[in-house]
Structures are given as structure tokens and as C-alpha cells.
1. Can you spot a residue in segment 62-75 that is within 21 Å of ALA150 (Cα to Cα), open to solvent by less than 60 Å² (accessible area, probe 1.4 Å), at pLDDT below 95 and not in a loop (DSSP other than H, G, I, E, B)?
2. Looking at segment 27-44 only, could you name the residues that are of a type in the set (A, V, I, L, M) and either open to solvent by 30 Å² or more (accessible area, probe 1.4 Å) or under 15 Å from ALA91 (Cα atoms) (or both)?
3. Checking VAL28 against (1) at pLDDT 95 or above; (2) within 14 Å of ALA151 (Cα to Cα): exactly one of these is not met. Which one?
4. From the set of residues in segment 1-26 that are assigned to a loop (DSSP other than H, G, I, E, B) and open to solvent by 50 Å² or more (accessible area, probe 1.4 Å), which is nearest to THR134 (Cα to Cα)?
Amino acid sequence: MPLSTDGLLGMAVVVVDDVDTVLIHRSVLNRVAEIAFRLGCYGAIPLGRRPVSLSGTQVSWLRRDLDQVMAFADATLRTGWELWELAAAPADEPVPVLDAPHGRVWVDPARGFELRGTGGGPQRTAVWEQPSGTARRVALSRLIAPLSGAAARAQVLEIHEYDA
């Protein structure tokens, strides 16, 4: 089921050669930048800051570094969470991904998608189940793949915050 962009939170837009290409959650970009820093892959570190614009040799370095980050993520079994096109890769703390009718949907690194109510009492948290889809843990490299694909065809790659 395709997901509407209404209510999306924490998203960034990847722009390839002046054409909006893909939405990706900031948590994925932040995990890439964190891993890149630890590996010394300096071409991918700017992904942790937005807006970012890369061209020429910067894009070449990014492509190479994304390959390294994806290989490391696979070797160390790094994961994220996916439900339809909605995906995030929280590190240690949950991240918000969607404003829903009965609260806000967050992705917890261990439990996955959760609906947290916005009522006046104590915050209630429940695993967010959808009849038309199942949340699942996925390899971080799978979540990075759309970014890698965009970088593979880019002369100029820009990433900026998504304005709903």
C-alpha cells in the first residue's frame, strides 16, 4: 500500500540533478554518517548535516563510501525498520516518523513501529499494527539502497529537509 506523504516526520528529500528523487528518513542518513565517520569514509559524513550539496569528485567519494558503509552494515548486521515505504533506522533512541489520527508513530530501535497517544494523561505506547502491512526489521543496507542508487546516477546530489 503506497503511503501518503501527509503527516510524515523527519524526512529528507534526495535531489539528483535538480529532480526530487526519493524521500529518506533522517535517521538513515544519520546512521550512514555515523558509520562513515567511524570507518574514515569522509565522503559520506556530510549526509548527517542538511542541507548538503555534492558535485564532481564529492559524488564519486560518496559512491565509494556508501559501498563501504553498506558492506560494514551488512557485516555487522545493522538494521532498521520498514512498513510499506515508511522506513527508519534509529540508533539508540526512538524517532518520530508519522503524525497519525490517534497520536504520533515512532520507530523504536528494538520494538519497531509504535503509536504514542497525544492525550492529556500519561503517554500510552502500543506496537503500531496495520492490517494492510506488517512492520519488519530489515538490513540497514536495504534502507541505504535508494540513496546509493540516487548517488550512482547523480552529477549533483543535494539533500534537504522535507517540507510537507
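The values are calculated or read from the model by the stated rules, or taken from the named source; none is laboratory data. The model shown is predicted, which means the values in this text are computed figures rather than measured ones. When the accessible area is computed, the model is the full protein with side chains, heavy atoms only, and any ligands, DNA or RNA have been set aside. Shrake-Rupley method; radii C 1.70, N 1.55, O 1.52, S 1.80 Å.
1. no
2. From segment 27-44, those of a type in the set (A, V, I, L, M) are 28-29, 32-33, 35-36, 39, 44; that's our starting set.
VAL28, LEU29, VAL32, ALA33, ILE35, ALA36, LEU39 - these are the residues of segment 27-44 that are of a type in the set (A, V, I, L, M) and either open to solvent by 30 Å² or more (accessible area, probe 1.4 Å) or under 15 Å from ALA91 (Cα atoms) (or both).
3. (2)
4. Residues of segment 1-26 that are assigned to a loop (DSSP other than H, G, I, E, B), as a first pass: 1-7, 9-10, 17-18.
Checking which are open to solvent by 50 Å² or more (accessible area, probe 1.4 Å) leaves us with 1-2, 4-6, 17-18.
Numbers: MET1: 11, PRO2: 13, SER4: 17, THR5: 19, ASP6: 20, ASP17: 34, ASP18: 34 Å.
Residue satisfying both the conditions and the ranking: MET1.
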